[in-house]
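This report concerns only the one structure given below.
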Amino acid sequence: MHSALLLCFLIITQISEPACVDQSALPDPITLRAQRERQTMPYRPGTGRTAPSRHVQFGPHVSIQVNVDANGNNILDDAANEPSIAVDPTNPYRMAIGWRQFDSVYSNFRQAGYGYTADAGRNWIFPGTLQPGVFRSDPVLAASPSGEFYYNSLRVSPFRCDVFRSANGGQSWPNFAGAYGGDKAWMGTDKTSGVGRGNIYAAWSPGSGCCSYRSFTRSTDGGQTWLDPIDVPLRPPFGTISVGPDGELYVSGGNPNGNTDETSFVVVRSDNAQDPAVVPSFQLFNYVSLDGLLPTFIDPNPDGLLGQAWIATDHSSGRNRGNVYLLCSVIYFHSGWFVDVRFSRSTDKGVSWSLPNRVNDDVADSRIVHWFATMSVAPNGRIDIIWNDTRHSPSNRFISELYYSSSSDGGLTWSPNEQLSPAWDSSVGWPNQSKIGDYYHMVSDDLGANLAYAATFNGEQDVWFLRIGDYPCLGLITQQPASPSVCQGSTVSLHASADPRGSTVTYQWRKNGTPLADSDAILGAQSPTLVFLHAQPAETGDYDCYVKLPDCGAEISHTATLTVFPTNTADGNLDGLTDARDIAPFVDSLVNFAPVSAASCAYDLTGEGIVNTDDIAPFVARLLSE
């Protein structure tokens, strides 16, 4: 039995409060979703009319239309929504976006549209659809660790998925294989260095696909063959997939049987799905609270979801490595119905979860909807979140703007909400289906994030690409900084150089991701060379240089680790005492100081950054005084 509370949302009107109905009066949301993915109208060709496309700008943020013709023009009288993006991990200039393509807004017949870019998203080419004239829906794209792209596409006869493969950055998709599947299938790949590297995983809404309630499959050969589907514990619908840094697999979704905020979401984990020699099993399945339920079939997207349950993992080398994050736009009741962006985190691989926090920072107002919340995590651990927001039009829930927030501390704190787009109307351009799809998709990198989203800036539904942050500028840095180890008090420098390419390069040194400024202790924070005048143990840490070139973008240097060892302890063997056992290591450091180490620096008793004859008398005095 599916959640009664979810059914209450089916008949929320634009402004009114929801009224609940008997469950027997309506199909459950999972069944209703699947029914609305079926073909109900014949194909209708487009009109062939075009108009100049445009870039849409809000402040520094520029959205670029993806579904344009060969001349870069906007195609009129069509619709494009529900985009998904893949980024080549070996070359961030190469990306592909897939979407539901309606050649005519007068028919809900849709196909698998796609576009690609080779210049980091500044320009897009839309060759057409994967199989012209074939009804397809629910596009999901992913990339392999070697840069091959996969496109998971739902067909309706029979009602299951195919996965197409592209070896040329999304320009063509000549090969595909049946991959079982069903409604709202989500796909992810293993990019770790473990035994599962290259695996492809897919999960879909149980009970609305190929194989009854068996709703998970895996490919270990690049999508050529797929595992006979297996059951997922607690059977979560409307969710996503993430692979953790140790190759563990997470599947998230709503709880189809839960009717309380405390049990409204599900997270399951498999530790052995990565092993191609075994049939996967799930070692953990847990209910998670986001203080609300997953909303479906209400304004401003009355025929669809208001988002799905996003799960993501931290692959950084920092203290948050292995964290698991869960995010969704949720609906809850508190003296009125509210739709907010809620986030929770786990630091123990999904066993326990934090109390959820609210990411949107506006004043609580039941008239405002924060929908299509979408999350991705950068390799450096930064969490990026976007959503549609009606805060500037509380009297009309169809008028939204795109918003953004990020966290650099594992979701403990969030940056102030930032508007990324002008206002647009989600009720415009419905292709005989009253929604703009069910999701957006975003992929983050250390510089920023690549977002594929749908909006109606042209008075119709189109797919847009937005680069959040600086574009990547490959090959900009020509010399990477080294990782020095020095004694306390030494003068030491880090150096990075770049190719100016006839322009002016800017530099910004950072410690643990935080920008530095010149002070009495350091110089050159905004130059190629960062100098520590008298290095101190507190300056030990990870440093990098953010290098930027106008009209190209930015590149971050490799991380350089500075290690500063304390001096003047006379305890080179690190046993807590200065005694006869220190004589031999002291002489060794005096005769052969390299390499720098905690032991050798301990015998620098004069603060010169080196052990020399000036340290003999102080060492003898220290030895005799103990």
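Things to note:
- Filtering 188, 198 for residues that are under 25 Å from the mean Cα position of the chain (by Cα), outside any strand (DSSP E or B) and within 28 Å of residue 316 (Cα to Cα) leaves a single hit, 198.
- Put simply, of 344, 352 the only residue that is modelled with pLDDT of 95 or more, of a type in the set (Ser, Thr, Tyr) and more than 17 Å from the chain's Cα centre (by Cα) is 352.
- Filter result for residue 479 (of a type in the set (S, T, N, Q), touching a residue at least 12 places away in the same chain (Cβ under 8 Å) and open to solvent by less than 10 Å² (accessible area, probe 1.4 Å)): no
- Residue 626 being closer than 30 Å to residue 511 by Cα, acidic (Asp, Glu) and at pLDDT below 85: no
- Scanning the range 304-315 for residues that are closer than 17 Å to residue 241 by Cβ, part of a loop (DSSP other than H, G, I, E, B) and open to solvent by less than 10 Å² (accessible area, probe 1.4 Å) gives 307, 308, 314.
- All of 371, 387 fail the test of being in contact with a Pro (Cβ under 9 Å, 6 or more places away or on another chain) and either in a strand (DSSP E or B) or within 15 Å of residue 311 (Cα to Cα) (or both), apart from 371.
- Within the range 356-371, residues that are in contact (Cβ under 8 Å) with a residue 40 or more places away in the chain and surrounded by 15 or more Cβ atoms within 10 Å (Cβ to Cβ) sit with their Cβ atoms under 7 Å from residues that are in a loop (DSSP other than H, G, I, E, B) and among the acidic types (Asp, Glu), at 6+ positions apart or across chains, in these pairs: 356/291.
- With respect to (1) modelled with pLDDT under 95; (2) more than 20 Å from residue 266 (Cα to Cα); (3) open to solvent by less than 10 Å² (accessible area, probe 1.4 Å); (4) not charged (D, E, K, R), the lone exception for residue 301 is condition (1).
- Test set (1) open to solvent by 10 Å² or more (accessible area, probe 1.4 Å); (2) farther than 30 Å from residue 126 by Cα; (3) in contact (Cβ under 8 Å) with a residue 12 or more places away in the chain - residue 247 fails condition number: (1)
- Qualifying positions in the range 573-601 - open to solvent by less than 60 Å² (accessible area, probe 1.4 Å), touching a helix residue (DSSP H, G or I) at 6+ places or on another chain (Cβ under 9 Å), among the hydrophobic types (A, V, I, L, M, F, W, C) and not in a loop (DSSP other than H, G, I, E, B): 586, 590, 599, 601
- Residue 84 being within 29 Å of residue 150 (Cβ to Cβ) and at pLDDT below 95: no
- Hey, residue 198 within 15 Å of residue 89 (Cβ to Cβ) and either surrounded by 20 or more Cβ atoms within 10 Å (Cβ to Cβ) or touching a residue at least 40 places away in the same chain (Cβ under 8 Å) (or both) or not: yes
- So residue 430, is it closer than 26 Å to residue 185 by Cβ, modelled with pLDDT of 95 or more and surrounded by fewer than 22 Cβ atoms within 10 Å (Cβ to Cβ): yes
- Of the residues making up the range 504-536, those that are modelled with pLDDT of 95 or more and either exposed (fewer than 13 other Cβ atoms within 10 Å of the Cβ) or charged (D, E, K, R) (or both) are 504, 510, 511, 515, 517, 518, 519, 520.
- Candidate set: the range 287-298, residues that are within 25 Å of the chain's Cα centre (by Cα) and either within 14 Å of residue 331 (Cα to Cα) or charged (D, E, K, R) (or both); chosen: the one surrounded by the most Cβ atoms within 10 Å (Cβ to Cβ): 294
- Evaluation of residue 421 against (1) crowded, with 22+ Cβ neighbours inside 10 Å; (2) assigned to a loop (DSSP other than H, G, I, E, B); (3) under 19 Å from the mean Cα position of the chain (by Cα); (4) among the hydroxyl-bearing types (Ser, Thr, Tyr) (one fails), failing number: (3)
- Within the range 146-184, restricting attention to residues that are in contact with a helix residue (DSSP H, G or I) (Cβ under 9 Å, 6 or more places away or on another chain) and part of a strand (DSSP E or B), the residue that is modelled with the highest pLDDT is 182.
- A single member of 252, 219 is under 27 Å from residue 314 (Cβ atoms), surrounded by fewer than 24 Cβ atoms within 10 Å (Cβ to Cβ), of a type in the set (S, T, N, Q) and touching a residue at least 40 places away in the same chain (Cβ under 8 Å), and it is 219.
- Scanning the range 604-626 for residues that are over 50 Å from the mean Cα position of the chain (by Cα) and under 15 Å from residue 591 (Cα atoms) gives 612, 613, 614, 615, 616, 619.
- Some residue of the range 433-440 being in a strand (DSSP E or B), within 27 Å of residue 293 (Cβ to Cβ) and open to solvent by less than 10 Å² (accessible area, probe 1.4 Å): no
- Per-region count, the range 444-470, residues under 20 Å from residue 407 (Cα atoms) and part of a loop (DSSP other than H, G, I, E, B): 4
Residues are listed down the side, and each one gets a yes or a no for (1) in a strand (DSSP E or B); (2) under 21 Å from the mean Cα position of the chain (by Cα); (3) more than 22 Å from residue 443 (Cα to Cα):
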site: 202; (1), (2), (3): yes, yes, no
site: 212; (1), (2), (3): no, no, yes
site: 216; (1), (2), (3): yes, no, yes
site: 226; (1), (2), (3): no, no, yes
site: 257; (1), (2), (3): no, no, yes
site: 267; (1), (2), (3): yes, yes, no
site: 285; (1), (2), (3): yes, no, yes
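- Residue 120 meets each of the listed conditions (1) within 19 Å of the chain's Cα centre (by Cα); (2) over 20 Å from residue 68 (Cα atoms) apart from (2).
- Residues in the range 316-344 that are surrounded by fewer than 21 Cβ atoms within 10 Å (Cβ to Cβ) and of a type outside the set (Ser, Thr, Tyr): 318, 319, 321, 322, 333, 334, 336, 337, 338.
- In a residue-by-residue description of the range 556-565, the property of being hydrophobic (A, V, I, L, M, F, W, C), modelled with pLDDT of 95 or more and part of a loop (DSSP other than H, G, I, E, B) applies to no position.
- Strands (runs of 3 or more DSSP E) contained in the range 34-140 and holding at least 1 residues closer than 25 Å to residue 419 by Cα: 56-58, 61-65, 73-75, 79-87, 95-102
- Pick from the range 134-177, criterion buried (at least 23 other Cβ atoms within 10 Å of the Cβ) and aromatic (Phe, Trp, Tyr), ranking: nearest to residue 83 (Cα to Cα): 151
The values are calculated or read from the model by the stated rules, or taken from the named source; none is laboratory data. Being a predicted model, the structure only gives us computed values, none of them experimental. Cβ sites come from the backbone with ideal geometry, for glycine too, and all protein chains shown count toward neighbours. Accessible surface areas use protein heavy atoms only, side chains included; no ligands, DNA or RNA. Shrake-Rupley method; radii C 1.70, N 1.55, O 1.52, S 1.80 Å.
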